[in-house]
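One structure below.
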2 protein chains.
Amino acid sequence: MNNLSRRNFLGMVGAAGGSSAIYKTSLAMGLLADTGPKAMLDLQQPGSEKKSVAILGAGIAGLTIAYELERAGYDCTIIEASHRIGGRNLTIRHGDIIDEMGQPQVCNFDDDPDLYFNAGPARLPGHHKRVLHYCKAFNIPLQIKANVNRAAYIHETDHFGGKPIRVAEYIADARGFMSELLSKAVDKNAFDQPLSEEDQVRMREFAKIYGDLDENGHYKGTSRAGYASGGFLEHGELKQPIEFSALLDSNFWAGGLSRTENFDWGEPLMEAVGGMDNIVKGFVRNIKSPITVNAQVQSIQLGNDGVDVYYNHKGERKKLHADFCFNSIPSHLMKGIPNNFSKDYNDGLVALGPGNFFKLGLQMKERFWEREGIYGGITSTNQRIRQIWYPSHGIQHQKGVVLGAYTFWGQSNFFERLTPQERIRYAGECGDKIHKGYSDYIEAGVSVPWGRMNHMMGCGSRMAPENEEKYFELIRQPEGKHYMVGDQVSFHSSWQEGAFASAEYALLDMDKRVRAASAVEGKG
Amino acid sequence: MNNLSRRNFLGMVGAAGGSSAIYKTSLAMGLLADTGPKAMLDLQQPGSEKKSVAILGAGIAGLTIAYELERAGYDCTIIEASHRIGGRNLTIRHGDIIDEMGQPQVCNFDDDPDLYFNAGPARLPGHHKRVLHYCKAFNIPLQIKANVNRAAYIHETDHFGGKPIRVAEYIADARGFMSELLSKAVDKNAFDQPLSEEDQVRMREFAKIYGDLDENGHYKGTSRAGYASGGFLEHGELKQPIEFSALLDSNFWAGGLSRTENFDWGEPLMEAVGGMDNIVKGFVRNIKSPITVNAQVQSIQLGNDGVDVYYNHKGERKKLHADFCFNSIPSHLMKGIPNNFSKDYNDGLVALGPGNFFKLGLQMKERFWEREGIYGGITSTNQRIRQIWYPSHGIQHQKGVVLGAYTFWGQSNFFERLTPQERIRYAGECGDKIHKGYSDYIEAGVSVPWGRMNHMMGCGSRMAPENEEKYFELIRQPEGKHYMVGDQVSFHSSWQEGAFASAEYALLDMDKRVRAASAVEGKG
């Protein structure tokens, strides 16, 4: 078998038995080197007696912990409640099962490597150094992802006659009017501390450039909004600015306009070529510890010599004993798992409440948005779907998968109550108000309501501010030899970087204890 | 030979004989279909008697004209003064010759498909429909390119202590201070037409969100600038805002800050995967007409039955007669080419003056900028290099090619006077002020001063506004059966889309004449 057909074979194994099967077959076929890339953390070797670690959950945090501890010589066992490895790092492609409670879906996209969407994390900012470290270590190709698209739309059903407005136009006009007002305020020297004459001149100039004002400090439109006509064969003709009152009356400035200023969403963002789950595959390629899927934790008991984890696997109750336990089970699910943690610790876990993001992917038979000049990026709407994301990959191919809804809270509750088919129809109707004939392009669709996904029932957990002060520090500290981990135990919940950071925190804390203990032993 | 090794073979042919050789060999090997993709324009077939066309210059305009007219049944001949096809669409890789007057360079980058830079056009906006049409027709893979990078720097030697400031920080602080001033002006109702109470409330809210002000309308810093510390394992701590007076005193707001609002530079931009010259290769694959390189036009004579073009090829004077002539020779070079055009037309050509962009590419032995959190995009500086562009491709690979200078006018004049080696050294010294150890990473470098490139001696030609009114329309109209074309004869000079638009304009004008003539013949 040459390398190519080996990998095809692995694909078949994967389809039949999941990633864990792939991993084991890979090992058997000698495709994986014995030593993978280097660890990120410099952890102490556990000494002559090999320490054992139980890792609950095979998401980003759990995989990171297994990867790092394996390299430090620990004996790791990973158990995962769902049928798959990766947690909320989930890329949906042809044939994938979406394990929604009571109504599982099978992805009916064409079998085409281009036709996928990232149902979980979908954006990598350049300052998320931990996730980028592992991408580099695992040779995961990255590409630039469009997030802001000035050619995409702002759409509000009750403003601008319900017509979508190009983002560039809205931004340019908002800057223009705001700068004109600022310029007038400078003329009247209307500030607490009057500006010096020199500063007045500079402020007027600043406003003029910031808003593209005319020589009298008035905003009369700008080429920044795109031309109404011309620009190539004829002189460009400026667009009529949106009325300032209509702009102020609309809602985009109160939300979407500044959302793109968020540091985590600042240009440029990146994505893994071919799907974000390549990060998961990178870990699976480089982890030797056994990963057991379909294994649901039933009880966690702290003892004097470590932690006992009882779990159900294929109808059998099993016990896993380990010196340390790292637990990324969603905190709100811990309420239903018997344990002997302290009351405070359990109270803290309950205080960490789940979010319920919802994403819906639609396979479109034509990339009609590209004919409108939109290549990647996001359209915002006040409809329940909230956003339409256009793919940054597969540009100018025939088909593409659009993210037809990406919602939080109330909107997610709405979609959760619908059947998968109803969600597609509803999202199509919303899309029709933005793109002519949108619904007609839909060939297939699947939806991922994280609040209803088996073994998760939520995502992006956060504490209310009053609880944060009371409980956050408590639950990120170990309870005996048990650590709660995951993005939920970080200040960057719902980002992969949060999961990496949490894993790092717990690992370094454990390492400190192991080092301290071995120092004591050394003295003994 | 299977397809893969055929293409390898073509690569070798290309190295030996240039693209034209590839094209002919491809034809001989049956790799090219007889009919390529469809034409963009619906041009009239020239009738029973095949019309001949002389195309002067094998840049984007010339190639487009050949492609479209071939498909309409015309007999095209392309002659090109330089040693290569593509004009200013030029991607520089290992071994390429940079034909600068008096000091030719050979690119000493490693022989690696990742290590290149686009010395001419480098950005494709989504509304440049013509260039995107041809990319699609030729199956040229495109990817998103980072243009703005908020993690990149603003650097002014005489401000902020000469230290580079992150773009995100500058933008966030500028928005903050400006919004605070606006909010104060609302309090004092300092506008020409006083705002209603309702509008006052909305404007205050607008300012608050736009600038991320506190509840009292003050700007005290924002997470949009990135945190000073924390954010993942600890609560994020805000950065101290830049002093407003320091911000106003700096120059970035007067130029760079708003430059990114330019419609042609708005997110997201794209680029051809592997180099912008894949567009040229797409044309070469799909054009059958002969392209003769190293053929310099010596004289253009309009006659009653068409146009005579005299040119020099390998020391021989040759004559090309054609029914129509499309001429993309840089207008300022036409002064030195004898012709029998009208005085006005020649005056118009002279009025179209050349620009002199300068680009310098540096092969860096490590992608050190990625360690600073910069993935693609642009750093701005007030030094002569003006910009540093980080590559959007090859993310996290070992090496990368940085655009170490991209300048216009005065700065280009400065670099033009240096030797290639001096330019690299100078650009390295500028880079050192921004990135620690920048110079030490430089392994190789080449520079492309368009103002000194043989057979071009300029780029991005434009008319002064007073000339535009007098001459622009004149020179884009045909002189007899001779058409001036290229980005120079468009309102989008220095963009490929300008060249496509100009070609389209000339083709449609010619088509109208051919249709009119054939209608007359039909009546006769």
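The values are calculated or read from the model by the stated rules, or taken from the named source; none is laboratory data. These numbers come from a predicted model, not from an experiment. Note: ideal-geometry Cβ built from the backbone for every residue, glycine included; neighbour counts use all protein chains shown.
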Q. What is the one condition in (1) touching a helix residue (DSSP H, G or I) at 6+ places or on another chain (Cβ under 8 Å); (2) in a helix (DSSP H, G or I); (3) in contact (Cβ under 8 Å) with a residue 12 or more places away in the chain that residue A:333 does not satisfy?
A. (1)
**Q.** Unmet requirement for residue B:168, which otherwise passes all of (1) assigned to a helix (DSSP H, G or I); (2) more than 7 Å from chain A (Cβ to nearest Cβ); (3) touching a Lys or Arg at 6+ places or on another chain (Cβ under 7 Å)
**A.** (2)
Q: Mind listing whichever residues of the range B:77-123 are crowded, with 16+ Cβ neighbours inside 10 Å, on the phi > 0 side of the Ramachandran plot and touching a Lys or Arg at 6+ places or on another chain (Cβ under 9 Å)?
A: B:86
Q. Out of all the residues in the range B:223-232, is one or more over 30 Å from residue A:503 (Cα atoms), more than 9 Å from every other protein chain (Cβ to nearest Cβ) and surrounded by fewer than 14 Cβ atoms within 10 Å (Cβ to Cβ)?
A. no
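Yes/no matrix, rows are residues, columns are (1) in a helix (DSSP H, G or I); (2) more than 10 Å from every other protein chain (Cβ to nearest Cβ); (3) at pLDDT 90 or above; (4) on the phi > 0 side of the Ramachandran plot:
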site	(1), (2), (3), (4)
B:173	yes, yes, yes, no
B:178	yes, no, yes, no
B:182	yes, no, yes, no
B:190	no, no, no, no
B:193	no, no, no, no
B:205	yes, no, yes, no
Q | Selection count, the range B:353-391, where residues are part of a loop (DSSP other than H, G, I, E, B), surrounded by fewer than 24 Cβ atoms within 10 Å (Cβ to Cβ) and either within 14 Å of chain A (Cβ to nearest Cβ) or touching a Pro at 6+ places or on another chain (Cβ under 8 Å) (or both) | A | 5
Q) How do the pairs read when you match residues in the range B:496-507 that are free of Cβ contacts under 8 Å to residues at least 60 places away in the same chain with residues anywhere that are buried (at least 23 other Cβ atoms within 10 Å of the Cβ) and part of a helix (DSSP H, G or I), using Cβ under 6 Å and keeping only pairs 6 or more apart or on different chains? A) B:498/B:487
Q) Looking at residue A:297, is it outside any strand (DSSP E or B), under 30 Å from residue A:53 (Cα atoms) and more than 14 Å from every other protein chain (Cβ to nearest Cβ)? A) no
Q | Lone qualifier among B:483, B:471, B:505 - being part of a strand (DSSP E or B) and assigned by TED's automatic domain parsing to the domain that holds residue B:74 | A | B:483
Q. Hey, residue B:189 hits all of (1) more than 39 Å from the chain's Cα centre (by Cα); (2) crowded, with 20+ Cβ neighbours inside 10 Å but one; which does it fall short on?
A. (2)
Q | Candidates B:220, B:239 - the one that is more than 7 Å from chain A (Cβ to nearest Cβ) and surrounded by fewer than 19 Cβ atoms within 10 Å (Cβ to Cβ) | A | B:220
Q. Which condition number does residue B:317 fail, the rest of (1) over 30 Å from residue A:373 (Cβ atoms); (2) buried (at least 16 other Cβ atoms within 10 Å of the Cβ); (3) at pLDDT 95 or above being met?
A. (2)
**Q.** the range B:436-454, residues that are over 21 Å from residue B:371 (Cβ atoms) and hydroxyl-bearing (Ser, Thr, Tyr)
**A.** B:447
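Residue by residue, here is whether (1) assigned to a helix (DSSP H, G or I); (2) in contact with a strand residue (DSSP E or B) (Cβ under 9 Å, 6 or more places away or on another chain); (3) within 14 Å of chain B (Cβ to nearest Cβ) holds:
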| position | (1), (2), (3) |
| --- | --- |
| A:61 | yes, yes, yes |
| A:68 | yes, no, no |
| A:77 | no, yes, no |
| A:84 | no, yes, no |
| A:87 | no, no, no |
| A:95 | no, yes, no |
| A:108 | no, yes, no |
| A:130 | yes, no, yes |
| A:151 | no, yes, yes |
Q) Restricting the search to the range B:207-226, which residues are touching a Ser or Thr at 6+ places or on another chain (Cβ under 8 Å), within 17 Å of residue A:266 (Cβ to Cβ) and in a loop (DSSP other than H, G, I, E, B)? A) B:212
Q. Which of the residues that make up the range A:351-386 are free of Cβ contacts under 8 Å to residues at least 60 places away in the same chain and either over 22 Å from residue B:143 (Cα atoms) or in contact with a Gly (Cβ under 9 Å, 6 or more places away or on another chain) (or both)?
A. A:367, A:370, A:384, A:385, A:386
Q. Can you pull out the residues in the range A:228-248 that are in contact with an Asp or Glu (Cβ under 7 Å, 6 or more places away or on another chain) and of a type in the set (Ser, Thr, Tyr)?
A. A:229
(Q) Of everything in the range B:394-406, what is surrounded by fewer than 23 Cβ atoms within 10 Å (Cβ to Cβ), under 17 Å from residue B:149 (Cα atoms) and either facing chain A (nearest Cβ under 10 Å) or of a type in the set (Ser, Thr, Tyr) (or both)? Give them in sequence order. (A) B:394, B:396, B:406
